[in-house]
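Have a look at the structure below before the remarks.
The values are calculated or read from the model by the stated rules, or taken from the named source; none is laboratory data. These numbers were taken from a predicted model, which means no experiment stands behind them. Virtual Cβ from ideal backbone geometry, glycine too; neighbours counted across all protein chains shown.
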Amino acid sequence: SQKIEQNSEALNIQEGKTATLTCNYTNYSPAYLQWYRQDPGRGPVFLLLIRENEKEKRKERLKVTFDTTLKQSLFHITASQPADSATYLCALEVNNAGNMLTFGGGTRLMVKP
Amino acid sequence: DTGVSQDPRHKITKRGQNVTFRCDPISEHNRLYWYRQTLGQGPEFLTYFQNEAQLEKSRLLSDRFSAERPKGSFSTLEIQRTEQGDSAMYLCASSLGLAGGGEQFFGPGTRLTVL
């Protein structure tokens with residue numbers, strides 16, 4: 001069966017450290033993988049998109065990797081800040097699927113000062 | 001344009017009642033999506049529109065659910081004969097509908113509680 005797995009346990013890290021979140025998937029062949037941030041009571045906000053032929057994408061303190069052999073994406077936040085505390089969702093987009101997204105369950109990140 | 005808006009933000013209803021939610025997408029976006037999200041889970045796709053055409057419906061969308069986008073602008077999602085299991089956050093998103101990967105812009109959601 002198809003699955004997208006993110007660590008359901010909260011990730012607690014100290015301010016200034018690098019946070020690394022994992023997204024694993026099975027029985028999908030995504031053309032694109034996206035990462036979103038969601039704060040409590042709000043809709044998700046787009047962060048980064050990476051294509052199947054890209055290994056790595058960066059944006060400011062964010063970095064995403066995409067390994068289609070391992071069927072895994074890693075999401076890194078460097079120099080983390082308390083304001084980075086939120087739930088982070090990965091989402092797969094299968095080609096020719098109208099940009100429909102299939103989301104993982106999300107990982108809650110808590111950055112402590 | 002300030003983004004995707006949804007109305008109402010909260011809805012409490014009794015089991016068996018009908019409810020309707022509205023979504024106003026970003027004006028130049030031709031694709032509109034509905035998702036449902038329960039506590040601790042990621043959003044689950046329900047349906048999407050390309051302009052006014054409803055192109056895909058999830059198997060999650062029972063026949064009690066119907067969605068419309070009559071003029072290719074705003075959309076409504078109606079749930080008939082609500083059940084307690086329908087309690088969730090209903091999210092609307094829109095996108096430009098690019099062929100090569102599309103960032104989706106989400107609204108704040110409508111939180112439905114069925115008593």
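Do any residues in the range B:34-55 that are without any contact (Cβ under 8 Å) to a residue 60 or more places away in the chain have Cβ atoms under 8 Å from those of residues that are surrounded by 14 or more Cβ atoms within 10 Å (Cβ to Cβ) and β-branched (Val, Ile, Thr), where the two are at least six apart or on different chains, and which pairs are they?
The qualifying pairs are B:34/B:47; B:42/A:4; B:45/A:102; B:54/B:47.
Considering only strands (runs of 3 or more DSSP E) fully contained in the range A:5-113, which possess at least 2 residues that are under 24 Å from residue B:111 (Cα atoms) and within 14 Å of chain B (Cβ to nearest Cβ)?
A:32-38, A:45-51, A:86-93, A:101-103, A:107-112
Restricting to the range B:81-115, give me the number of residues that are more than 14 Å from the chain's Cα centre (by Cα) and facing chain A (nearest Cβ under 10 Å).
8
Which of the residues spanning the range B:4-29 are assigned to a loop (DSSP other than H, G, I, E, B), surrounded by fewer than 15 Cβ atoms within 10 Å (Cβ to Cβ) and either of a type outside the set (Asp, Glu) or touching a Lys or Arg at 6+ places or on another chain (Cβ under 7 Å) (or both)?
Matches in the range B:4-29: B:8, B:9, B:14, B:15, B:16, B:17, B:18, B:27.
For the subset of the range B:30-39 comprising residues that are modelled with pLDDT under 95 and part of a loop (DSSP other than H, G, I, E, B), which member is farthest from the chain's Cα centre (by Cα)?
B:39
Checking residue B:52 against (1) within 21 Å of residue B:86 (Cα to Cα); (2) in contact with a Gly (Cβ under 6 Å, 6 or more places away or on another chain), which test does it fail?
The one condition residue B:52 does not meet is (1).
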